[in-house]
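To start, the structure under review is shown below, and the notes come after it.
The values are calculated or read from the model by the stated rules, or taken from the named source; none is laboratory data. Worth saying up front: this structure is predicted, and the values here are computed from it rather than measured. No Cβ is skipped: glycine too gets one built from the backbone with ideal geometry, and neighbour counts run over all protein chains shown. The accessibility values were calculated without ligands, DNA or RNA, using every heavy atom of the protein model including side chains. Shrake-Rupley method; radii C 1.70, N 1.55, O 1.52, S 1.80 Å.
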Amino acid sequence: MHTLINADCLDYLNGDSQTWTTIFADPPDNIGLGYQTYKDKLPDEQYVDLLGRWLDCFVQKAKTVWFSYNARWSFEVGRIVADMLTRTRGLEAKPCVQTFTFGQHCHHDLGNNHRPLLRLRRQDAPLRPDAIRVPSWRQENGDRRADPRGRVPGDVFDFTRVVGNSKQRRPWHPTQLNEGLVERCVRFTTPKGETVLDPFAGTGTTLRVCRRLGNPCTLIEIDKDYCGEMVKEHGMVRSEYIHRAVWECQ
């Protein structure tokens, strides 16, 4: 069963006792994007405080947290994570990165062709390297020394941006992550049948991935119109909850 909840993720999660195996979070970047409900241009200090509150909440709710964020906040996120590691026993952090050749063009400096991807993980959390193996160079070039299983990819995730002409693109939302990126993360840290949370559901990328993989998914989305688009796409049915809008599908 997959569940979509129309709520602010911190308001909901701080009042709920449920936990998940994996959280995949892609929060707003605070760069002034035109979301419908959420105001994406907070004062810097307020947004950095929010980054810390999100991360503190998420590591209490899941064994592994994937956190995709805008590179302009790299130093602030680094300070937040360094503090978390000193006060949270058994928590480890691995910095990864998503790269893309079709990035933001810039005439006066180096353009931005990457997006940081942080993994926060409890030491007992599952890792499933065999689930994400890809063909190796040796396999592709007929080298008999090649491992027939393929290779475990590194911490550089080479997945293109979902631009306007992408088949994945949902034009009713200003931003969207590549399904391949989310799928690799979910496969790597979530055994089949175990649970995934996306606290910033957006276009429902994580739901599409989890439906393919067989992982029950909980989505939280603050904007009711975006929820409505996901409900239509997935044929979700309204559940009888008194205090908030909740939809479910198989």
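Dipole size in debye (nearest 20) for the chain around its Cα centre, Lys and Arg Cβ +1, Asp and Glu Cβ -1?
Here the size comes out at about 960 debye.
Can you give the calculated 222 nm mean residue ellipticity of the chain, where each DSSP H run of n ≥ 4 adds -39,500 (n - 2.57) and the sum is split over every residue, rounded to the nearest 500 deg cm²/dmol?
Per the formula, -8500 deg cm²/dmol.
Report, in listed order, any pair from Lys63/Lys192; Lys39/Lys224; Lys63/Lys232 with a Cα-Cα distance greater than 22 Å.
The pairs that break the limit, which is 22 Å between Cα atoms, are Lys63/Lys232.
Please sort 152-158, 31-37, 229-235 by packing, taking for each peptide the average over its residues of neighbouring beta carbons within 10 angstrom, highest first.
229-235, 152-158, 31-37
Take each of the peptides 161-171, 3-13, average the number of other beta-carbon atoms within 10 Å over its residues, and list them starting from the highest.
Highest to lowest by the protection proxy: 3-13, 161-171.
With the Cα gyration tensor of the range 62-150 giving a ≥ b ≥ c as the square roots of its eigenvalues, does the rule (a/c under 1.5 for rounded; else a/b larger than b/c for prolate; else oblate) give rounded, prolate or oblate?
Judged from the Cα gyration tensor, the range 62-150 comes out oblate (a/c at least 1.5, b/c at or above a/b).
So if I place +1 on the C-beta of Lys and Arg and -1 on the C-beta of Asp and Glu, and nothing else carries charge, what would the dipole magnitude of the range 137-250 be about its Cα centre? I want it in debye, nearest 20.
Charge dipole of the range 137-250: 420 debye, to the nearest 20.
For a quick protection proxy, order the peptides 108-118, 137-147, 57-67 by their average other-Cβ count within 10 Å, most packed first.
Descending packing order for the listed peptides: 57-67, 108-118, 137-147.
Carbon and sulfur together cover what percent of the accessible area of the range 1-131 at a 1.4 Å probe radius?
The computed percentage sits at 49.
For the range 69-134, give the magnitude of the charge dipole about the Cα centre (Cβ charges: +1 Lys/Arg, -1 Asp/Glu; no others), in debye to the nearest 20.
Here the size comes out at about 240 debye.
Give me the accessible area per residue for the range 151-250, probe 1.4 Å, as a whole number in Å².
For the range 151-250, the per-residue accessible area is 47 Å².
Using 0.36 nm per residue of separation minus the Cα-Cα distance, give me the extension gain between Gln139 and Glu240 in nm, one decimal.
31.1 nm
Kindly state, to the nearest 0.05, the FRET efficiency for Thr160 paired with Gln250, given R0 = 22 Å and r defined as their beta-carbon distance.
0.15
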